[in-house]
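**Q** So that we are looking at the same thing, I have put the structure below in structure tokens.
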Amino acid sequence: FAQTLGFPPTVEIAHVRTLEAGLDGVMSDLSPNAVFLAVPRGETQILSRLTQIGMDLHILLGEGALTHHKADKRPLSILLPVHEKLDAERTVTLVSRLSALKEKEVILCALVEVPRALALAVPASEAVIVSAALEKIAKRLRKDHVKHQIMIRPVRDFALGLKNLAKTLSPDLTILDPITAAEGEKIAAAVLPGIGCDLLWLTRGGKPGAHPT
């Protein structure tokens, strides 16, 4: 399957007692820059068990929706939330470099938190700043010939707003890259239960300067 998508693989087989202990041993031996792991949606606790693995870890939580999507020929919809608590650069890099699917559309959506004392609308001054930031990211997507659309949504709370956004847009895949472990824990607790789509969750590795390859 990897070969058909243009990724010639090297195959390794390891006999392990548990997934976590086995991964820890294999990663120590191979020392990769990044690890991609697909697990069932019900195994969300694996996020907390593996975040200290010591390298970039990309976890896909889902039920096989991406495989099903290929059959109906509709464009794959990928949601890239943009917020100060998330790293947009790495998610855009993943979409541009690692997705071999030509029929895909990226939804680039900035979530702007608005205090409850104000009307639920993005202030004009902040809208200008956010629009400029989105355009910078969109420029990268255009350069890599990635079809996309841009949105700006006001929310009261980022995590809950993100969960509601995913329910409203119903993307096939959402990619999240929390900047800090603490923020990641808060987002996971609020967003993961019932998000309703496949989720690619990025964690931070312990190797300074390491980048996905």
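Readers should treat all values here as calculations from the given coordinates under stated rules, not as data from a laboratory. Everything numeric in this text was worked out from a predicted model, so none of it was measured. Because the Cβ atoms are built from the backbone with ideal geometry, glycine has one as well, and the counts that use them run over all protein chains shown.
**Q** Using a 10 Å cut-off on Cβ atoms, rank the peptides 190-203, 138-151 from the highest mean neighbour count down.
**A** Result, highest mean Cβ count within 10 Å first: 190-203, 138-151.
**Q** Note the full-extension length gain between Asp157 and Ser31 as 0.36 nm times their separation in residues minus their Cα-Cα distance, in nm to one decimal.
**A** Extra length available between Asp157 and Ser31 comes to 41.5 nm.
**Q** From the square roots a ≥ b ≥ c of the eigenvalues of the alpha-carbon gyration tensor of the range 133-178, which class results: rounded (a/c under 1.5), prolate (a/b over b/c), or oblate?
**A** Because a/c hits 1.5 or more and a/b exceeds b/c, the range 133-178 counts as prolate.
**Q** Could you order peptides 20-31, 103-114, 161-172 by the average number of other Cβ atoms within 10 Å of their residues, highest first?
**A** So the peptides 20-31, 103-114, 161-172, ranked by packing, come out 103-114, 161-172, 20-31.
**Q** Provide the FRET efficiency to the nearest 0.05 for the Ala119-Lys147 pair, computing r from the beta carbons and using R0 = 41 Å.
**A** Using R0 = 41 Å, I get an efficiency of 0.80.
**Q** Moving to a separate point now. Using a basic spin-label model with each label point 7 Å from the Cα along Cα→Cβ, how many nm lie between Ala14 and Phe1?
**A** Result: 2.0 nm between the two label points.
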